[in-house]
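Undergrad: Below is a structure I'd like to ask you about.
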Amino acid sequence: MSLIAGSYERFVWGFKLKPSKSEVEIFTLSQLFSYPAHLSPVKSVAVSNSVAASSSADDSVKIYDLSSATEIGSLIDHSATVTALSFYTPANLSFPRNLISAAADGSICIYDSDPFVLLQTLTVHKGGINDLAVHPSGRLGLTVGRDSCLGMVNLIRGRRSFYCKLAKEASLVKFGLFGDRFYMAMEEKLSVHAAEDAKIVCEVENRKRVLCATPGQNGLLFTGGEDKSITAWDTNTGKVAYSIEDAHSTRVKGIVVMSPSDRGEKSEDPFLIASASSDGVIRVWDIRSSVNGKPDPLAEVNTRSRLTCLAGSSLKSKVSKKRKIESRKENEDQEEQD
């Protein structure tokens, strides 16, 4: 499992979670790199297998190769703070097909990831974009902005297909693992929507403002925020499934869930979740033990910086260039048929 975190001090941190070879379950977070990557605070990070990206208030996006722990380039197509990033990786590829970035001027950029070439820039919101989510199919994206609106983007045609006013400004938007639902956060309130018609399935209210969220298995949604805790919500009932109280000493700024499907069916690793806080600490938990009270972290590291975001992925074996081209052609042919 690889993790990448961004900080207010402009640094981007890369770590790899390594299990011990002993019979006792002991894990360590080994540092892959630490770069003063940007000229301004880091706003967002994203990871897809061995590729990572970070964005900043300096209007740029940096790309990293986690397998070699190196920075491999910059994207400077935005003219405002880049607020959100998301990769789209088809199931049959180990390299992302697209990178989508959103900015504070209401625009998004759609990139081809092999190589990183700008395909299109379009304006979605009248104000800055707070967050961006890409459907698992890679066909559409959702955005929420400072204009208190929800936008839908057709990523195949590169145009806005839907735009509506919300009751309140949303800070976060996320798709469920299978794309049949999406979630929005407005201050301390969370709303669960059916992706087909955007109807509300349920609403829940956290104790304090939600600052990060990520979907898990079996309809769970993990959130963190100003309450310093990690909460797993059952989005079918709207109730708390379990939580890790006071997971950090200050607000939680990022959560990464590593589900069993990420590790493969034969993996015996525990159900892992990583969290990052503005106190500079990254912790990894076995979420299963939280049902019996607050668990001890399996691993932790102190970056001694004010962390702003966290992303993660399991490193998978690379496929050959030929196979990537073949897989891409198969997807393009399928899209033409649809």
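Undergrad: At a Förster radius of 41 Å, what calculated FRET efficiency corresponds to the Cβ-Cβ distance of residue 156 and residue 226, to the nearest 0.05? Before the final figure, lay out each step's value.
TA: Details: r = 38 Å, r/R0 = 0.92.
With a Förster radius of 41 Å, E is 0.60.
Undergrad: Starting from region 167-242, pick out the GluC sites (Glu not before Pro) whose DSSP state is loop and whose Cβ has at most 10 other Cβ atoms within 10 Å. Please list the in-between numbers first.
TA: Working: sites: 169, 187, 188, 196, 203, 205, 226; in loops: 169, 187, 188, 196, 226.
When the GluC sites (Glu not before Pro) of region 167-242 are filtered for loop state and at most 10 Cβ neighbours within 10 Å, 196 remain.
Undergrad: Tell me, what % of the accessible area of region 2-333 is carbon and sulfur with a 1.4 angstrom probe? Don't skip to the answer; put the middle values down first.
TA: Values: 7060 of 14890 Å².
Here it works out to 47 percent.
Undergrad: Just read off the accessible area of residue 110 with the full protein assembly in place, 1.4 Å probe, to the nearest 10 Å².
TA: Accessible surface of residue 110 is approximately 10 Å².
Undergrad: For residue 139 and residue 120 in the same chain, what is the full-extension length gain: residue separation times 0.36 nm, less their Cα-Cα distance, in nm?
TA: Fully extending the segment from residue 139 to residue 120 adds 5.4 nm.
Undergrad: Which value, in Å² rounded to 10, gives the accessible area of residue 204 with a 1.4 Å probe and all protein chains present?
TA: 10 Å²
Undergrad: Separate question: What is the spin-label model distance, in nm, from residue 16 to residue 91 if the labels are put 7 Å beyond Cα along the C-beta direction?
TA: Label-label distance for residue 16 and residue 91, simple model: 2.8 nm.
Undergrad: I'd like the Karplus ³J(HN,Hα) series for region 232-249: coefficients 6.51, -1.76, 1.60, θ = phi - 60°, whole numbers in Hz, and an x wherever there's a Gly or Pro.
TA: Going residue by residue, I get 9, 9, 7, 6, 7, 10, x, 10, 6, 7, 6, 8, 10, 6, 6, 5, 9, 7 Hz, with x marking Gly and Pro.
Undergrad: Right, another one. Taking 8 Å as the Cα distance limit and 6 or more residues as the minimum spacing, I'd like the relative contact order of the chain as a percentage.
TA: Details: 937 pairs, mean separation 43.8, N = 338.
Contact order relative to length: 13 percent.
Undergrad: How high is the relative contact order of region 71-222? Use alpha-carbon pairs under 8 Å, at least six apart in sequence, and give a whole percent.
TA: On the way: 369 pairs, mean separation 19.3, N = 152.
Answer for region 71-222 is 13 percent.
Undergrad: Run the dipole for the chain about the Cα centre, Lys and Arg Cβ at +1, Asp and Glu Cβ at -1, nothing else charged, and hand back the magnitude in debye, nearest 20.
TA: Values: 41 positive and 41 negative charges, 65 e Å.
Result for the chain is approximately 320 debye, rounded to the nearest 20.
Undergrad: With all protein chains present and a 1.4 Å probe, how do 165, 18, 62 order by accessible area, largest first? Provide the component values of the computation, followed by the final result.
TA: Numbers: 165 140, 18 95, 62 35 Å².
The residues order as 165, 18, 62, largest area first.
Undergrad: Calculate one ³J(HN,Hα) per residue across region 151-157 by plugging θ = phi - 60° into the Karplus curve 6.51 cos²θ - 1.76 cosθ + 1.60, and present them in order as whole Hz with x for glycine and proline.
TA: Values, residue by residue: x, 10, 10, 7, 6, 6, 8 Hz.
Undergrad: Now for a different question. Heavy atoms of the protein only, probe of 1.4 Å, neighbouring chains included. What is the accessible area of residue 78 in Å², nearest 10?
TA: Accessible area, nearest 10 Å²: 20 Å².
Undergrad: Considering only 93, 308, 140, whose Cα is most displaced toward the positive end of the charge dipole of the chain, charges sitting on Cβ of Lys, Arg (+1) and Asp, Glu (-1)?
TA: 308
Undergrad: Here's something else I'd like to know. Assuming R0 = 51 Å, can you tell me the calculated FRET efficiency for the pair residue 40 and residue 203, based on Cβ-Cβ distance, to the nearest 0.05? Mind dumping the intermediate values first?
TA: Working: r = 35 Å, r/R0 = 0.69.
Efficiency, from the Cβ-Cβ distance: 0.90.
Undergrad: Probe of 1.4 angstrom, ligands and nucleic acids ignored: what's the accessible area per residue over the chain, in square angstrom?
TA: That works out to 46 Å² for each residue.
Undergrad: Right, something else. Per-residue HN-Hα couplings for region 83-91, Karplus 6.51 cos²θ - 1.76 cosθ + 1.60 at θ = phi - 60°, whole Hz, x for Gly and Pro?
TA: 9, 8, 9, 7, 8, 10, 10, x, 4
Undergrad: Taking Rh as the Kirkwood radius, which is the inverse of the mean 1/r over Cα pairs, what is the Rg/Rh value for the chain? Write out the running numbers ahead of the final one.
TA: Numbers: Rg = 18.8 Å, Rh = 20.1 Å.
Rounded to two decimals, Rg over Rh is 0.94.
Undergrad: Could you tell me the number of lysine pairs in region 1-129 with C-alpha atoms less than 22 Å from each other, where the two lysines are 8 or more residues apart or belong to different chains? The partial results should precede the final answer.
TA: Numbers: 16/43; 16/62; 43/62; 43/126.
Close lysine pairs under the 22 Å cut-off: 4.
Undergrad: Around residue 130, which amide H atoms from residues at least 5 apart in sequence, or from another chain, sit under 5 Å from its own amide H, with H modelled in the peptide plane?
TA: Those lying under 5 Å, H to H, from residue 130 are 144, 145, 146.
Undergrad: Remind me, relative contact order of region 56-139 in percent, using alpha carbon pairs under 8 angstrom and six or more residues apart? Please report the intermediate quantities before stating the final value.
TA: Values: 176 pairs, mean separation 19.4, N = 84.
This gives 23 percent for region 56-139.
The values are calculated or read from the model by the stated rules, or taken from the named source; none is laboratory data. Given the structure is predicted, the values throughout are model-derived calculations rather than measurements. In this analysis, Cβ positions are derived from the backbone assuming ideal geometry, glycine residues included, and neighbour counts consider all displayed protein chains. Calculation scope for accessible area: heavy atoms of the full protein, side chains included, ligands and nucleic acids excluded. Shrake-Rupley method; radii C 1.70, N 1.55, O 1.52, S 1.80 Å.
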